[in-house]
Structures are given as structure tokens and as C-alpha cells.
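**Student:** Once you've had a glance at the structure underneath, I'll fire off some questions.
The values are calculated or read from the model by the stated rules, or taken from the named source; none is laboratory data. Keep in mind that what you see is a predicted model, and the values were worked out from it rather than measured. Cβ placement follows ideal geometry from the backbone for every residue including glycine, while neighbour counts extend to all protein chains displayed. Accessible surface is based on the protein model in full, side chains and every heavy atom, while ligands, DNA and RNA are left aside. Shrake-Rupley method; radii C 1.70, N 1.55, O 1.52, S 1.80 Å.
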Amino acid sequence: MNQFLMDTNNLVTILKQRRVKLGQLIQHPVILWSSSPISRNFFANKYPFRASSHFLYFAGLSLADAAIRIEGGKLELFMDNNSPSQAIWHGAMPQREEIGAMIGADLVYPLAELANKTKAAATIAVQEQITYQQQCKLLNRPLALSDRASGIDLELARAIIKLRSHHDTLALQELRYSAAVSIQAHKAGIQATRHSSTEAEIRGAMERVIIAHNMSCAYNSIVTVHGEVLHNESYHNKLQPGDLILADVGAQTPNGWAADITRTWASGKFSSTQRDIYEIVLAAHDRCIAKMFPDVEYQDIHLLAAEIIAEGLVSLGILKGNPQDLVDIDAHALFFPHGVGHLLGLDVHDMEDLGDLAGYAAGRERSDRFGLGYLRLNRPLESGMLVTIEPGFYQVPAILNHSDFRTKYQDVVDWERLAQFSDVRGIRIEDDVLVTDSGSEVLTADLPTKVEDIEDLLL
Ligand code: GLY
Ligand code: MN
Ligand code: MN
């Protein structure tokens, strides 16, 4: 059950610090539910369980069907002990008193006791529907999901964002570990390429590393020769000579802390067109990371990536015009339609269950511009934040063949020149970058990004 990297005393100390800080930020009692395992095709056949991230942050352990109540820094744990029939099928579980001791709970109760302790409590709605209904019922009020929360729940969401967006030593230890295992997974994927004939075999080689560390994937892996399908989750394609493989794969530790890495490599050697575009994406990646310091606006980093990509595409003759002017009319977004990254922590898009409350500074809203609307993070960087930097280039048919875009950008794209890059369907390079007092630290730096180094790994 205890799969922590840190020894128990330090762990309990840090979990307590988190709860005390929460108590300083909100006067109300706080109840956080872990949520229930979700059935797949029949009741007893469940998806792998993972507790809600807000619960995990303060409780530390991925306990199913549990809740915690925090008031003035004190922790109460509510959960039932295994019934005799559960013990037959699932084995003996530690009793709630033992679990409470593991996480530094001050008091432990059966779950039913929670009904007597809900007065004036703030909470965050979980994603899983059965527990969500229980939350509404026990608190006797409707709960808004995501950034539609109001009143004390909004106050709680803001307090939690303050804590979770700056990673403490326990979080960083877990995040560094998930980054290290994810790096190994990517190396295994690159090295498996020569002996693989399908995307699925490469995926298998990558996820094998994660599973062999008793970890799981932080999100559904993308391992594809069609990198232009941004959230591609099919793995059936055969690898053909000349294909680029885009792999976006990240592990999560047993306690839920995520990594998020993308690399793109050739099935043999990069062609000259593939290399030309790869170098542009890599320049955007490197220069964005070099610009990361506390107080820098993340949106400016996104716009820097857009400008470098526009500049590179002008130099290749694919775009026509002045790079800054092209960014101003969102022409870069024809090829780089998503944001340059997002917060990372317990969730791969950290705290996105709260809508844009975590990602956007107070008073800011999503832009309706084509080149900015998919930006998930728009606030100044602060020391202790972990973000991804993930510029890319894609030839998305739904964009490039869309009549509105064709008309709007008719004069700034050299479509004949673009056709010469038909072997570049999708490239993304994604790393996990911690903001420090003096700049940044790339937690995933041990995974090469340079073409030569990636080609060396392929051998
Ligand atoms: N793996 C999801 C993302 O890169 O945002
Ligand atoms: Mn990402
Ligand atoms: Mn990713």
C-alpha cells in the first residue's frame, strides 16, 4: 500500500504542512472525496482506480471510497475497512487506523460518520459520477463542476491552486521519478523501432518500462506515424520506410504524479525535409526554455514559439511575409494549432478539472483568436511551477483543407512548396520544465532532442 519514495516520517511531515497551509488559506472545513472505482462492461470488472488529485494531494495515498476532512490543519480520515467478502477476493487491507497513521490522520472514522461532519464544508466536485452525486447529497447543495464553482467551493479551489501550483520536496521527488522512468520508456521506444513493424509494438516497448516499474501511464499514450492527429489513440498502423514516429508517453507514480514527454523520430534516418522542419521545432523548444524565468508571462513564451516557427517556415519558403505579421494574423497556427504547454503535477494537465482557474491568472479569459484559443496556461511563471514546453508542426487536413482557412491564408502560404514536405505529417518535442528562482530546470533533459543523438539511439 505504501509506495512512497520518501520515508514515512518526512512524508507525514510534508502532508501535514500542506494541510496546515490549506487551513491558513481557508477558514471553512474542507471535505475531499477520493471517488469510487468505475465499472467497465459489468459491475465487478473495473477500470484501474486512481483517486481524485485534490484528495491525493492532502491524503497522499490513492484510497478508493474514502474522504478526508481538514479543519485548522487537522486531518480526519473516513473509510470503511474491508468486508469479509472483499477480503476473500482482494486480500487483507490494512485497517483504517493503520492507514490513518501512515498519512498522519488525527482521527479515523467509518465512511458513514461523514454525514455528521458536513456542516459549512467546502469541497471540489470529483469527476466520477456516483461519488459526485454523494457529494451533492451529503452537502445538500448542487456542486458546480470546474470553474463554474462559486462561494466557499471557489474559495477552496483558489486555495488549492495556490498550493498545488508550487511543488514542494515530496511532489518534486515524485515528479523527478516519473520523469526518469518516462525517459527510459522513450529510449526503449526509440530503440525498439528497428525491430518493430507496427506502432503497437513501439507502444508496447514503451509502456512495458512503465509497467515494469509498477507505474501506470499518466494519460493515454500517443504512438503514431500520424502525428498530425493531435490526440491519436490508435496503434494499428504499420511502420513504413520514411515514416516519422511521434510518441507522447508519460508515466505516473503510484501516488499519481505525472510526466508528459513527446519525442519524434524517424524509422531510419530523417529525410532532409523532415530534418528541416524538426530543426525549426527544436529551435522553438530550446529558445522557449531559455526564456523561462520567474515573472515571465507564459503567453509570451507561446508567442515566441509561434514566431520562431513562422520565421523558420518563411526561411523554408512555406510561409510568405514578415514572421511577426504572420503571427499577428495567426498564420503560424495553420501548422502549430495548440498551446506551447500547460501546468504539470498530479494531473498531466494539472488542475484542469477546475477549468481555466489554475491555468489563467485572475481576470484573464481564453482568447477567441485561432492562434491563442488553445493556450491552456496564461499567467506569469513563478518559482516552483512545473510546466511543459511542447511546440510542434503538423499538417492537419481538417485545417489545411478547410475552405475558410484556405481563403484567409491563400496569399501567405506557398501551397506548392508545402507539398514538398508531405513526408512531415506531425512533429512535437515536449519536455517538463521546472521554474526555479534563477531560471529553469528541465526535468526530462536526459532524453536527447538533437537529431544526431536520436539517430544514435536508433542504432
Ligand atoms: N500528453 C498530453 C499533452 O501533451 O498535453
Ligand atoms: Mn503536454
Ligand atoms: Mn504530451
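**Student:** Out of the total accessible area of the stretch 216-278 (probe 1.4 Å, heavy atoms of protein only), what percent is carbon and sulfur?
**Tutor:** 51 percent
**Student:** Okay, next question. Working from the alpha-carbon coordinates of the chain, get Rg over Rh, Rh being the Kirkwood radius.
**Tutor:** Using Cα coordinates only, the ratio equals 1.00.
**Student:** What is the helix-to-structure angle for 199-212, meaning the angle in degrees between its Cα long axis and the longest Cα principal axis of the chain, kept from 0 to 90 and rounded to the nearest 10?
**Tutor:** 30 degrees
**Student:** Can I ask one more? What list of ³J(HN,Hα) values in whole Hz, one per residue of the stretch 288-304 in order, does the Karplus curve 6.51 cos²θ - 1.76 cosθ + 1.60 (θ = phi - 60°) give from phi, with Gly and Pro shown as x?
**Tutor:** My calculation for the stretch 288-304 gives 5, 5, 4, 8, 7, 9, x, 6, 6, 6, 4, 4, 5, 5, 4, 5, 5 Hz in order.
**Student:** Quick one: grab the alpha carbon gyration tensor of the stretch 46-190, order the square roots of its eigenvalues as a ≥ b ≥ c, and give me rounded if a/c is under 1.5, else prolate or oblate depending on whether a/b is larger than b/c.
**Tutor:** Judged from the Cα gyration tensor, the stretch 46-190 comes out oblate (a/c at least 1.5, b/c at or above a/b).
**Student:** Spelling out what I want: for every residue of the stretch 16-28, take phi, set θ = phi - 60°, compute 6.51 cos²θ - 1.76 cosθ + 1.60 (Karplus), and round to whole Hz; glycine and proline get x.
**Tutor:** 5, 4, 4, 6, 5, 4, 4, x, 6, 9, 9, 7, 7
**Student:** Same structure, new question: In square angstrom, what is the accessible area per residue of the chain with a 1.4 angstrom probe?
**Tutor:** For the chain, the solvent-accessible area averages 43 Å² per residue.
**Student:** Test of the criteria: in the stretch 355-384, which trypsin sites (Lys or Arg not before Pro) are in a DSSP loop and have at most 14 other Cβ atoms within 10 angstrom of their Cβ?
**Tutor:** Taking the stretch 355-384 and a limit of 14 other Cβ atoms within 10 Å, the loop trypsin sites (Lys or Arg not before Pro) found are 364, 369.
**Student:** Amide H to amide H, which residues 5 or more places from residue 216 or on other chains are under 5 Å from it, using H placed in the peptide plane?
**Tutor:** Residues meeting the criterion, in which the H sits 1.01 Å from N, are 252.
**Student:** If you fit an axis through the alpha-carbon atoms of helix 151-164 and take the longest principal axis of the Cα set of the chain, what angle between them do you get, 0 to 90°, nearest 10?
**Tutor:** 60 degrees
**Student:** DSSP loop GluC sites (Glu not before Pro) in the stretch 327-426 with at most 15 other Cβ atoms within 10 Å of their Cβ, which ones?
**Tutor:** Those that pass, being in a loop and sparsely packed, are 365, 382.
**Student:** Could you give the longest part of the chain that holds none of the chymotrypsin sites (Phe, Trp or Tyr not before Pro) found in DSSP loops with at most 12 neighbouring Cβ atoms within 10 Å?
**Tutor:** It runs 44-459.
**Student:** Measure out, as a whole number of angstrom, how far apart the alpha-carbon centroids of the stretch 68-134 and the stretch 265-331 sit.
**Tutor:** 49 Å
**Student:** Show the residues, 5+ positions off or on another chain, whose built amide H is closer than 5 Å to the amide H of residue 267.
**Tutor:** Here the answer is 242, 243, 245, since their amide H atoms fall under 5 Å of that of residue 267.
**Student:** DSSP loop GluC sites (Glu not before Pro) in the stretch 206-288 with at most 11 other Cβ atoms within 10 Å of their Cβ, which ones?
**Tutor:** 233
**Student:** Using a/c under 1.5 as the rounded threshold, could you call the stretch 305-459 rounded, prolate or oblate? The axes a ≥ b ≥ c are square roots of the C-alpha gyration tensor eigenvalues, and prolate needs a/b larger than b/c, oblate otherwise.
**Tutor:** oblate
**Student:** Please report, in cubic angstrom per residue, the volume enclosed by the convex hull of the alpha-carbon atoms of the stretch 255-383.
**Tutor:** Taking only Cα atoms, the stretch 255-383 has a hull volume of 131 Å³ per residue.
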